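One structure is given here, and the rest of the page talks about it.
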Amino acid sequence: MNDVIFTSKATAKNGRDGHVRSADGLIDLNLVNPATDKENKGSNPEQLFAAAYSACFDGALNLVASNQNKKIESETTAEVDFMKDPVDGGFKIAATLHIEIEGVNPEEAEELAQDAHQACPYSKATRGNIDVTLNPKAVEKPS
């Protein structure tokens, strides 16, 4: 059995048109389905997944870079698409990770992104289950 480092807990009520709250109350959000409700404001599962995946991937990217003795600054933006699944007629998601990395050349940015994709727990969890596109980009520090 794996050694659990910590556990996070959240509860959703009434699905996509309901409410989600973490056990510690830091997340306490109304949920609104943007596909069917254009008037009300709220979050949705894809937005929450995008936030979590981008944070986890960016952390893995920095760990991988550190292990390779590379000093970087990075920013990862996750786009999570909610779409029809042509296989079963239901729904599915896909993700695109836009990764900006300062301190490396384009080839190193690609290599770091691929290495982070192997190390990131969210990438591991989604591998083979959803389409994930990596879009790494080496950027220069602003003057």
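Here, each number is a calculation from the coordinates, and none is a lab measurement. Just so we're clear, the structure is a prediction, and the values are computed from it rather than from any experiment. In this analysis, Cβ positions are derived from the backbone assuming ideal geometry, glycine residues included, and neighbour counts consider all displayed protein chains.
Based on the Cβ-Cβ distance of LYS41 and ASP85, what FRET efficiency does E = 1/(1 + (r/R0)^6) give at R0 = 30 Å, to the nearest 0.05?
Values: r = 28 Å, r/R0 = 0.92.
Efficiency for this residue pair is about 0.60.
Which value in nm describes the separation of the simple spin-label points at ALA10 and ASP24, placed 7 Å from the Cα toward the beta carbon?
Those two pseudo-labels are separated by 1.3 nm.
Using a cut-off of 15 Å between beta-carbons, work out the net charge of the residues near GLU73 (Lys and Arg +1, Asp and Glu -1, GLU73 not included). Before the final figure, lay out each step's value.
Values: positive: LYS70, LYS71, LYS137, LYS141; negative: ASP58, GLU75, GLU100, GLU102, GLU108, GLU140.
Charge balance in the 15 Å sphere: -2.
Size of the range 45-139 along its principal axes in angstrom, Cα-based, largest extent first?
Principal extents (largest minus smallest coordinate, Cα): 46, 22, 21 Å.
With a 10 Å radius around each residue's Cβ, average the other Cβ atoms per peptide and rank 60-71, 113-124, highest first. Let's see the in-between values first.
On the way: 60-71: 15.8, 113-124: 18.0.
Ranked from most to least packed, the peptides come out as 113-124, 60-71.
Taking the Cα atoms of the range 18-87, report the difference between the largest and smallest coordinate on each principal axis, in whole Å and largest first.
48, 38, 22
Nearest 10 degrees is fine. How inclined is helix 45-67 to the longest principal axis of the chain, computing both from alpha carbons?
That helix lies at roughly 20 degrees to the long axis.
In the neighborhood of LYS41, defined by Cβ-to-Cβ distances under 15 Å, what is the net charge if each Lys or Arg adds +1 and each Asp or Glu adds -1? Numbers along the way, then the final one.
Details: positive: ARG16, LYS38; negative: ASP17, ASP28, ASP37, GLU39.
Net of charged neighbours comes to -2.
Rounded to the nearest 500, what is the 222 nm mean residue ellipticity of the chain from helices alone, with -39500 (n - 2.57) per DSSP H run of 4+ residues and division by all residues? Present the calculation step by step, with values, prior to reporting the outcome.
Details: 3 runs with 43 residues, N = 143.
Value at 222 nm, helices only, nearest 500: -9500 deg cm²/dmol.
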